[in-house]
């Protein structure tokens, strides 16, 4: 390297040094520590005791792990496609509102800024069986609303309904992608006789497929780590927790939190965290592999 290149490299390292220190101290360091703790029995009070693969063997045989993973996968499979479809529909509508687009962008994005704890409390009130606004609205049209927060069969639909509150970020991302689709492609398709559905299928979807793929990955990862809103609704209030005798709302990260901070099984919780890391990694790799077949990139000669 020339002297000027070395000088530029030193300045670059100096500017990114705060990030490097923060990454090592708050991300890489804790990850390495949790990997070590996953092979130990540790209760915070006493020194960690190495137990080998015992925590991982327990993961494979614990029915609570299977149940919480099942709840998490069930939520993810329903939540991700629903959020993506509704967000794309709203983005298509926003594209047509003209001068009011800026106002509606703000309206849709504001719920994203709401603290997650506040969202959990809000929907605990909205989904209340007797006094909740949702059941009151259903009663107006003659529908007897279900017990959203106590009936195990309706807990997950209620959580999915709550999760739609924060789809604004996905709407904004889709809107930006739609606005970048060249108009001449639509004009060429119209000249060829393509209708609205044909233009959407053969022009819009391919041109925004990269954005759809991005939101698929991001929303999947976020869904697999669902915690704050559900914990606030069903486990944050002792009175609510005692009156709700069901595992229907126990997501994997909630169970991990309980093992770590309620039962002080830090070693076992660390093993749970690494299992979730591996699951997310594998799912993302599969999505990346499949995404290469369906995503269109401009400049791709294939």
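The values are calculated or read from the model by the stated rules, or taken from the named source; none is laboratory data. Here the structure is a predicted model, which means the values were calculated and not measured. Here Cβ is always computed from backbone atoms with ideal geometry, including for glycine, and neighbour counts include all displayed protein chains.
Out of curiosity, is residue 257 surrounded by 12 or more Cβ atoms within 10 Å (Cβ to Cβ), within 28 Å of residue 229 (Cα to Cα), in contact (Cβ under 8 Å) with a residue 12 or more places away in the chain and touching a helix residue (DSSP H, G or I) at 6+ places or on another chain (Cβ under 6 Å)? When the stated conditions are applied, residue 257 does not pass them. Among the residues of region 119-130, are any over 24 Å from the mean Cα position of the chain (by Cα), closer than 27 Å to residue 226 by Cα and surrounded by 11 or more Cβ atoms within 10 Å (Cβ to Cβ)? Scanning region 119-130, I find at least one residue that is over 24 Å from the mean Cα position of the chain (by Cα), closer than 27 Å to residue 226 by Cα and surrounded by 11 or more Cβ atoms within 10 Å (Cβ to Cβ), so the answer is yes. The helices (runs of 4 or more DSSP H) located wholly in region 150-204 that include 3 or more residues which are more than 23 Å from residue 223 (Cα to Cα) and either without any contact (Cβ under 8 Å) to a residue 24 or more places away in the chain or touching a strand residue (DSSP E or B) at 6+ places or on another chain (Cβ under 9 Å) (or both) occupy 183-191, 196-199.
Taking the conditions (1) assigned to a helix (DSSP H, G or I); (2) in contact with a helix residue (DSSP H, G or I) (Cβ under 9 Å, 6 or more places away or on another chain); (3) modelled with pLDDT of 90 or more in turn, residue 250 satisfies each one other than (1). Cβ separations smaller than 9 Å between residues 6+ apart or across chains give the following pairs from region 16-38 residues that are farther than 26 Å from residue 50 by Cβ to residues that are assigned to a helix (DSSP H, G or I): 20/13; 23/29. Among the residues in region 95-104, are any without any contact (Cβ under 8 Å) to a residue 40 or more places away in the chain, more than 14 Å from residue 175 (Cα to Cα) and over 21 Å from the mean Cα position of the chain (by Cα)? Yes, some residue in region 95-104 is without any contact (Cβ under 8 Å) to a residue 40 or more places away in the chain, more than 14 Å from residue 175 (Cα to Cα) and over 21 Å from the mean Cα position of the chain (by Cα).
Assess whether residue 114 counts as being in contact with a helix residue (DSSP H, G or I) (Cβ under 6 Å, 6 or more places away or on another chain), touching a residue at least 24 places away in the same chain (Cβ under 8 Å) and surrounded by 12 or more Cβ atoms within 10 Å (Cβ to Cβ). Here the answer is no, as residue 114 does not meet what is asked. For residue 232, are the conditions met, namely being under 24 Å from the mean Cα position of the chain (by Cα), modelled with pLDDT under 95 and either surrounded by fewer than 20 Cβ atoms within 10 Å (Cβ to Cβ) or closer than 23 Å to residue 163 by Cα (or both)? So residue 232 fits the description; yes. Here residue 159 passes the criteria (1) surrounded by fewer than 12 Cβ atoms within 10 Å (Cβ to Cβ); (2) more than 30 Å from residue 199 (Cβ to Cβ) except the one numbered (1).
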